[in-house]
Each structure stands twice: as structure tokens, then as C-alpha cells.
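> Here it is, the structure, as C-alpha cells.
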Amino acid sequence: MISTRGRYALRVLVDLAEHRSGGDYLPMREIAARQGISLKYIGQILPILTHAGLIEGLPGKGGGYRLCREPEQCTAGEVLRLTEGDLAPVACLATGSEPCGRAAKCRTLPLWRRYMEVTNEFFDSVTLADLIREK
């Protein structure tokens with residue numbers, strides 16, 4: 001399941017992609033208002049996106065946030081893995097997990113591996129540009 005943080009991060013990036021014009025910075029307050037996200041919560045998401053190099057911020061009057069890449073160059077998969085960790089459906093496939101003692105005999109492990117592959121392939125195939133085109 002995708003958390004609120006992952007969903008909100010995508011909404012913030014879609015908002016920045018939709019409202020970008022001439023490289024202007026968009027105030028956090030405006031993004032929060034359009035997306036119905038509290039300033040406190042958006043204030044937790046923006047640093048994650050900034051640290052990853054997806055957006056950049058400019059403090060002060062006339063400041064705000066803007067995308068660092070074209071919307072075609074940013075995938076939903078990248079954003080979700082950034083905010084969710086990974087998209088593993090079961091603990092034994094999560095990044096950094098201890099090897100499962102049952103893996104060699106587990107009849108369901110191939111199912112979960114394929115599910116994870118399909119999930120990653122799907123989210124990696126959708127860009128911010130795709131999301132702003134869809135109405």
C-alpha cells in the first residue's frame with residue numbers, strides 16, 4: 001500500500017509540473033492550498049524531494065519551489081521509492097532484509113517477485129508528464 005507521504009509527494013510534483021512557467025518558483029503555501037495538504041505536512045515532503053534533486057527551493061520573497069527536471073524525466077516509480085523506501089509486497093523482498101530461511105522452499109516467493117517486478121515496471125513507465133496530460 002502506498003502511504004500518504006508517497007501520494008502527497010506525487011501530487012506536489014504534479015502541481016509543480018502543471019504550474020511551472022518560465023522557471024518561476026512556486027510558493028509552498030500556494031501548492032499546499034491547491035492540493036489540500038497542510039503546510040506542516042508539505043513542509044516534511046519538500047525537503048525529501050529537494051535532497052533527492054527532484055526540486056529546488058529558493059527562500060525569501062519571490063522564493064518557493066520548482067522542478068529541477070523536465071516532467072518527462074521524472075517517474076512515479078522514482079518518487080514512490082524515494083518516499084516509500086521500496087515497493088516490496090512482502091518483507092523478505094524488501095531492500096536490506098535478512099535472507100528468509102524458507103526462500104528455497106517457498107512456493108509463493110515467485111508470485112511476490114513477479115508482483116514486485118510488475119509494480120516497479122508500471123510505476124517506472126508513468127512520468128509526471130503523463131500525469132499532467134491525464135484529466
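> Taking the stretch 85-105 only, how many residues are surrounded by 12 or more Cβ atoms within 10 Å (Cβ to Cβ) and without any contact (Cβ under 8 Å) to a residue 12 or more places away in the chain?
Within the stretch 85-105, the subset surrounded by 12 or more Cβ atoms within 10 Å (Cβ to Cβ) is 85-90, 92-94, 97, 100.
From the residues that got through so far, the ones that are without any contact (Cβ under 8 Å) to a residue 12 or more places away in the chain too are 85-86, 94, 97, 100.
Adding up the residues that qualify gives 5.
> Quick check on the stretch 91-108. Is at least one of its residues of a type in the set (Gly, Ala, Ser), touching a Phe, Trp or Tyr at 6+ places or on another chain (Cβ under 9 Å) and either assigned to a loop (DSSP other than H, G, I, E, B) or modelled with pLDDT of 90 or more (or both)? Working first, answer last.
Pass one, the stretch 91-108, residues of a type in the set (Gly, Ala, Ser): 91, 94, 96-97, 101, 103-104.
Okay, now just the ones that are also touching a Phe, Trp or Tyr at 6+ places or on another chain (Cβ under 9 Å), so none.
No, the stretch 91-108 contains no residue that is of a type in the set (Gly, Ala, Ser), touching a Phe, Trp or Tyr at 6+ places or on another chain (Cβ under 9 Å) and either assigned to a loop (DSSP other than H, G, I, E, B) or modelled with pLDDT of 90 or more (or both).
> Let me ask something else. Any idea which of (1) modelled with pLDDT of 95 or more; (2) in a loop (DSSP other than H, G, I, E, B) is the one Glu72 doesn't satisfy?
(2)
> Which pairs turn up if I take residues in the stretch 113-133 that are over 15 Å from Arg20 (Cα atoms) and look for partners that are open to solvent by 40 Å² or more (accessible area, probe 1.4 Å) with beta carbon separation below 6 Å, at least 6 apart in sequence or on another chain?
Tyr115/Pro89; Met116/Pro89; Thr127/Glu72
> Another question, then. Can you pull out every residue in the stretch 12-56 that is within 19 Å of Pro71 (Cβ to Cβ) and aromatic (Phe, Trp, Tyr)? First the steps, then the outcome.
We begin by selecting, within the stretch 12-56, every residue within 19 Å of Pro71 (Cβ to Cβ); these are 12-26, 30-31, 34-35, 45-46, 48-50, 52-56.
Selection gives Tyr25 alone.
> Continuing with the same structure: Would you mention how many residues in the stretch 1-53 are among the hydrophobic types (A, V, I, L, M, F, W, C), over 18 Å from the mean Cα position of the chain (by Cα) and open to solvent by less than 50 Å² (accessible area, probe 1.4 Å)?
Selection size over the stretch 1-53: 1.
> Please give the number of the condition Leu80 fails out of (1) in contact with a Gly (Cβ under 9 Å, 6 or more places away or on another chain); (2) farther than 19 Å from Thr127 by Cα.
(2)
> Just checking, how many residues over the stretch 106-130 are in contact with a Cys (Cβ under 8 Å, 6 or more places away or on another chain), farther than 17 Å from Arg69 by Cα and of a type in the set (Val, Ile, Thr)?
Final tally of qualifying residues: 0.
> What's the number of the condition Arg20 fails, among (1) under 20 Å from Val79 (Cα atoms); (2) modelled with pLDDT of 95 or more?
Among (1) under 20 Å from Val79 (Cα atoms); (2) modelled with pLDDT of 95 or more, Arg20 violates only (2).
> While we're on this one: If you check Arg66, Arg114, Arg81, Arg34, which single one turns out to be touching a Phe, Trp or Tyr at 6+ places or on another chain (Cβ under 6 Å), outside any loop (DSSP other than H, G, I, E, B) and not aromatic (Phe, Trp, Tyr)? Can you show your working first?
Details: Arg114 fails: touching a Phe, Trp or Tyr at 6+ places or on another chain (Cβ under 6 Å); Arg81 fails: touching a Phe, Trp or Tyr at 6+ places or on another chain (Cβ under 6 Å); Arg34 fails: touching a Phe, Trp or Tyr at 6+ places or on another chain (Cβ under 6 Å).
Result: Arg66 is the single residue among Arg66, Arg114, Arg81, Arg34 that is touching a Phe, Trp or Tyr at 6+ places or on another chain (Cβ under 6 Å), outside any loop (DSSP other than H, G, I, E, B) and not aromatic (Phe, Trp, Tyr).
The values are calculated or read from the model by the stated rules, or taken from the named source; none is laboratory data. Keep in mind that what you see is a predicted model, and the values were worked out from it rather than measured. Because the Cβ atoms are built from the backbone with ideal geometry, glycine has one as well, and the counts that use them run over all protein chains shown. Calculation scope for accessible area: heavy atoms of the full protein, side chains included, ligands and nucleic acids excluded. Shrake-Rupley method; radii C 1.70, N 1.55, O 1.52, S 1.80 Å.
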